[in-house]
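Engineer: First the structure, then my questions, so here it is.
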Amino acid sequence: MEPDAQLVQGCLRGEGPAWEELVRRHTRRVFNLCYRFTGNSTEAEDLSQEVFLRIYRTLASYRPAFGAFPTWLTSVTRNLLVDHYRRTRRDRLTDSIEDAMPKLENKQSAARTPDKLALLSELSAQLQQGLSRLSPELREAVILRDLQGLDYSEIQTVLEVPEGTVKSRINRGRIELARILEEMGLRPQN
Amino acid sequence: MTDWNCARSEERLSDYLEGILSLAEAAEFSTHAGSCDACGKLVKQVRGLVHQMSALDALETPPQLIPKIIESTLGPRRKQSGGWQRWFARVPQFWQPQFAMGAITVAATILIVLYTTGISPAKLKKADLSPANVFRTANRQVHLTYARSAKFVNDLRVVYEIQTRLQPDAEPSPAITPAPAPQPNSQPPSVNPQEKSQTSPHPSHSQSRNGAMLASLLHRNWAENVGVIVIGDIPRSPR
Ligand SMILES: [Zn+2]
């Protein structure tokens, strides 16, 4: 298997197959990150597409010295997720106001049921619901560490915050998530 | 040793779980968690959660996503011209139910025709396959057999229709539906028009408990059977 750096070189020489291979190799990771963050498969697909479009356009600016290609890819994804979160914040605020109105409750809760993908496993779905109740700062830290398996220094690179901040966000995120899940009636077992 | 409290435990929880606390801190942590219910419980919960998350499989990539990404970056893709990929792309259609059903029906039809025309596949000689011979042997038996099998098919239909109408709530099983369907194929080309126009009954159509409907159905079917027998057994005689 060719290393990512060689595929990137191939892409920069204009080799289509190298790009296709790069996409094939990393789409799952990007999609999962987007899905875990947004909790919505349609949004996650659109965002994944956006991520690769941006990667494709800025590939020439990537240097292996900046970190491994997957770390760079994760940074790009994370930045787009943050942009997307800010962009859609207004909609979500409107949603939560409507949530408070009893008449709209049914319609809203119907629109809110986790989509099919999340129902693949019950645990996965409950976790997804719990994650969506975490603040985006804590959510991204927990996803990167516990679902994507990045180490602290990679997360530090992606989030562009000091290691101490990374650690404390992960720690607080886990504790809050555990409490949310308990509130939801889910008891994690060992 | 005394200033270790709940807030401190929470703060160092992940470090504790990852085993990166100093020995002294780890000892204090354990002592506190062992005596404080809230912290003890939290440690268990977070440990379980981290374990579960690490064991969770990544979601599959939606199948259309990669082609979409490639198309949005490289533009519409030319069809893969590579031999084996193209060939494999076609394979699945052989396994589609319609195709399999069709193949089985054709095979069954050939067997039925051979059997009813008195040709045993095991004793087939080349001469038997000459059109004149096939026709001669066939002509003898086909009329009788056809009349019998047509009646049999109709009987099956009537039983089936009665069943579906008497149990309107029962989900029509897809395994039953094709049963009458292959039969028209096994009929010789000289299908009488009445027979042809009456296609296989659809189990899904209005499942009424109406007794009158059942009666009319029985009546219609009886008339058809008689019609088939008349046409099949006796040459149509001038009245
Ligand atoms: Zn405590």
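Just so it is clear, none of the values below were taken in a lab; they were calculated from the coordinates. Just so it is clear, the model here is predicted, and its values are computed rather than measured. FYI the Cβ positions are ideal-geometry reconstructions off the backbone, even for glycines, and counts take in every protein chain you see.
Engineer: What's the average, rounded to a whole number, of partner chain beta-carbon atoms within 10 Å of each residue's beta-carbon in B:67-76?
Structural biologist: The shielding value for this peptide is 6.
Engineer: What shape does the range B:1-76 take by its C-alpha gyration tensor, where a ≥ b ≥ c are the square roots of the eigenvalues and a/c under 1.5 counts as rounded, a/b above b/c as prolate, and the rest as oblate?
Structural biologist: Details: a/c = 4.82, a/b = 3.47, b/c = 1.39.
Since a/c reaches 1.5 and a/b is larger than b/c, the shape of the range B:1-76 is classed as prolate.
Engineer: Based only on Cα atoms, what mean projected area does the convex hull of the range A:1-95 have, in nm²? Please list the in-between numbers first.
Structural biologist: On the way: hull surface 25.3 nm².
Dividing the Cα hull surface by four gives the mean projection, 6.3 nm².
Engineer: Report the net charge of residues surrounding A:Leu159, where surrounding means a beta-carbon distance below 11 angstrom and charges are Lys +1, Arg +1, Asp -1, Glu -1. Spell out each step's value before the answer.
Structural biologist: On the way: positive: A:Arg78, A:Arg145, A:Arg169; negative: A:Glu137, A:Glu140, A:Glu154, A:Glu160, A:Glu163.
Its environment carries a net charge of -2.
Engineer: Can you give the net charge of the other residues whose Cβ lies under 14 Å from the Cβ of A:Thr74, counting K and R as +1 and D and E as -1?
Structural biologist: Numbers: positive: A:Arg25, A:Arg28, A:Arg29, A:Arg36, A:Arg54, A:Arg78, A:Arg145; negative: A:Asp4, A:Glu140, A:Asp151, A:Glu154, A:Glu160.
Neighbour charge sum, excluding A:Thr74 itself: +2.
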